[in-house]
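Note sheet for the following structure.
The values are calculated or read from the model by the stated rules, or taken from the named source; none is laboratory data. Keep in mind that this is a model prediction, so the values were computed, not measured. A quick note on method: Cβ atoms are made from the backbone with ideal geometry, for glycine too, and the neighbour counts reach across all protein chains shown. For the accessible areas, the whole protein counts, side chains as well, though only heavy atoms, and no ligand, DNA or RNA atoms are used. Shrake-Rupley method; radii C 1.70, N 1.55, O 1.52, S 1.80 Å.
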Amino acid sequence: MPANARLDVADELLTLLRDTTTEPRPDPQLEALTLAVSADLPVLLWGEPGIGKTAALTQLAAALDLPLTTVIASVHEPSDFAGLPVVGDDPAEQGVPLAPPDWAVRLARTGRGLLFLDELSTAPPAVQAALLRLVLERRVGALRLPPGVRIVAAANPRGSAADGWELSPPLANRFVHLQWAHDHEVVVRGLGGTWPLATLPRLAPQQLPEAVDFARRAVCGLLTGRPGLVHRLPDNETRRGGAWPSPRSWEMALRLVAFATAAGSSRDVLSLLVRGTVGDGPGLELLAYLDRMDLPDPESLLADPAGAVLPERGDLRQAALDGVVAAVRARPDRDRWDAAWALLVRAVETGAPDLVVVPATTLATLRREDWDVPPTIERLAGVVSLSRRADRAAERVGAAR
């Protein structure tokens, strides 16, 4: 067989190996990435070499039908992003324009695309400084990239990057940082020819105003009570190169909360996004604040205990019951006290009984002398007694050790 024919057979085999398909599959990482891309925020994927960051971006671009432009940041000069000065006929009158590189011109002509800045952590400080305007303002020299262009970058941790650098704080604070890790089942199924399908989130049009209002109330409510979180530059160089809170990153977090709310995204996806924008600590505080916003109004629960709908999650149900007891304590009244007991009975009937032990014990201390004990308390007596016996047994076991 001639050499050319052998290469043709080899090419046919390579084509078969590249022939893969996709399937809908829950993937919080991929959903967080597509949500941030939809929100038109620059995303930075962090992960060890070979983890599949580049492959994920290639598949994302194909799924979203966006032309992919890959730029290896570490092999470019600062002028490749800031623009090359071009001297004209009369610089004193016309100035010296900064000419953009060819890849930026192609993106501008196409009008849309996915710009992939790879190996960002191997770019020296001078190149990182030149990238600031590109990431924030979408400007390359004198050229502004069109709104249809989205920016995603990838980086390896400094310890595993080839001649790596820490990201400068100004550049790091312009990204949504997503930690990219492999999922064993996804990799095995992908090597078998089927990868997860990347799709843009479906935003509910009728929920857009409510989503924006919810996001603004959440972020502004948290920062009103925690003003120290508005801007907190980490004192550690490595942490400065990641997600940390600033007015800019809080604005990004607000946008992501609104998008996640309108898309009905899961808590796992929202957690990845907010922690990747303002950092783990502030992000977890925002998530806890969002949970408290979702709690039912204690007064509404007291007004109709028989028809009350309590949260399914145990921690949220406990917080809702504690809120009801706090409301009775703030405005004690016989009818409200009785209603609170009826609500605790409903909680026992619809969820874990042990969650009512603390609220029931506290509620009992609020009884006035002229208040009769409601019959509903008898339905809770066994639960409280059993819980106390279990606590005493646990204490005895602990003392024996």
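Of all DSSP beta bridges in the chain, what percent run antiparallel (nearest 5)?
15 percent
Before anything else, pin down the relative contact order of the chain: Cα pairs under 8 Å, at least 6 apart, normalised by residue count, whole percent.
Relative CO of the chain lands at 16 percent.
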What is the magnitude of the charge dipole of the chain about its Cα centre, with +1 placed on the Cβ of each Lys and Arg, -1 on the Cβ of each Asp and Glu, and no other charges, expressed in debye to the nearest 20?
700 debye
Which entry is the computed mean projected area of the Cα convex hull in nm² for this structure: (1) 29.9; (2) 20.7; (3) 32.3?
(3)
So what's the back-of-envelope 222 nm ellipticity for the chain, counting only DSSP H runs of four-plus at -39500 (n - 2.57) apiece and dividing by all residues, rounded to 500?
-16500 deg cm²/dmol
Size-normalised alpha-carbon gyration radius of segment 123-202, reference 2.2 N^0.38 Å:
1.42
For Cys220, what is the net charge nearby, where nearby means another residue's Cβ is under 13 Å from its Cβ and Lys, Arg count +1, Asp, Glu -1?
+1
Looking only at Cα atoms, what is the convex hull volume of segment 205-294 per residue, in Å³?
84 Å³
Under the span-like rule (Cα at least 18 Å along the axis, Kyte-Doolittle mean at least 0.0), DSSP H helices of the chain:
3-18, 125-137, 208-225, 247-263, 314-330
Which of the GluC sites (Glu not before Pro) across segment 309-372 are loop residues per DSSP, with 14 or fewer other Cβ within 10 Å?
Glu312, Glu369
Of the trypsin sites (Lys or Arg not before Pro) in segment 244-333, which ones lie in a loop per DSSP and count no more than 14 other C-beta atoms within 10 Å?
Arg313
What part of the accessible area of segment 205-294, given as a whole %, is carbon or sulfur when the probe is 1.4 angstrom?
53 percent
Quick one: ranking His76, His184, His231 by accessible area, 1.4 Å probe, largest first, what do you get?
His184, His231, His76
Solvent-accessible area per residue for segment 205-294 at a 1.4 Å probe radius, Å²?
50 Å²
